[in-house]
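**Q** Let me begin by handing over the structure; questions about it come next.
The values are calculated or read from the model by the stated rules, or taken from the named source; none is laboratory data. Source: prediction; values computed, not measured. When the accessible area is computed, the model is the full protein with side chains, heavy atoms only, and any ligands, DNA or RNA have been set aside. Shrake-Rupley method; radii C 1.70, N 1.55, O 1.52, S 1.80 Å.
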Amino acid sequence: MRKWGSQVSVALVCAILGFMLAHQFKVLLRQEKININPYNAADITAEIEQYKNEKEKLNKKVDELEGKVKSYEEAAAGRDDATKNLLKELEDTRILTGTTDVHGEGVIIYLTPNSGIFGAGAEARITDRHLVYLINELKYSGAEAISINDIRITGRTGIRISGNSISINGEDRVSPSKRIVIKVIGYKKNLMELFDFPETLSEFKGICEVKYEPVDDLKIEKYNKPYKFEYAEPVKNE
């Protein structure tokens, strides 16, 4: 009986020692992982702020250079009609590609996600499909320039779900749990008539509140990333 009791005691001691060793090993492993990471939250935040400041300086420099180019173009346009027509085509191309700021009449659309106890859940929220659908409808109604949360939509814009956010142009992100503002420049009468059709907003029922208003003069900022073509080349006429 004593022999059995001593064996149980030894087993309990071994179990306790094993548990203590395993716990200590986990603590050391966790500390090692922390020490391996050369960055902390403060360092990362400071680095992000530095990149933001550098980006703002570069954008200002780009704006200055574009201002000089525009002044050269305006000076050249006064020479003859051919140059004026060429400059007009250049301006139209910039508007089409979204590489210049534009303004004009249009509408502003506000998509406010439902919240609260009876709000939309994870299975019922704004997705990339809703934004693509709405942009397509706006283009069909004559929209000439569109932005989502001040992100310019161009002919090469891609919109898709990326984790818990919606990715636009591959880099910019929009949160489906916060209000989304869509600015549209075009003939506001046609754009407002789009919402007279009940099926236009049927996709958004139970997901978000949709409000829209006409605007006499609306500004949409340019697409500030460079275009790069690696595979598409112009066809050369022989």
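**Q** Per the 1.4 Å probe, what fraction of the accessible area of segment 171-238, in percent, lies on carbon and sulfur atoms?
**A** Its accessible area is 49 percent carbon and sulfur atoms.
**Q** Please go through the residue pairs LYS188/LYS228; LYS183/LYS225; LYS88/LYS225 and name each one whose alpha carbons sit more than 28 Å apart in this structure.
**A** Values: LYS188/LYS228 33 Å; LYS183/LYS225 19 Å; LYS88/LYS225 23 Å.
Checking Cα-Cα distances, LYS188/LYS228 exceed 28 Å.
**Q** Using 0.36 nm per residue, how much length does the chain from SER167 to PHE229 gain when fully extended, once their Cα-Cα distance is taken away? Spell out each step's value before the answer.
**A** Working: separation 62, 0.36 × 62 = 22.32 nm, distance 2.08 nm.
In short, 20.2 nm is gained.
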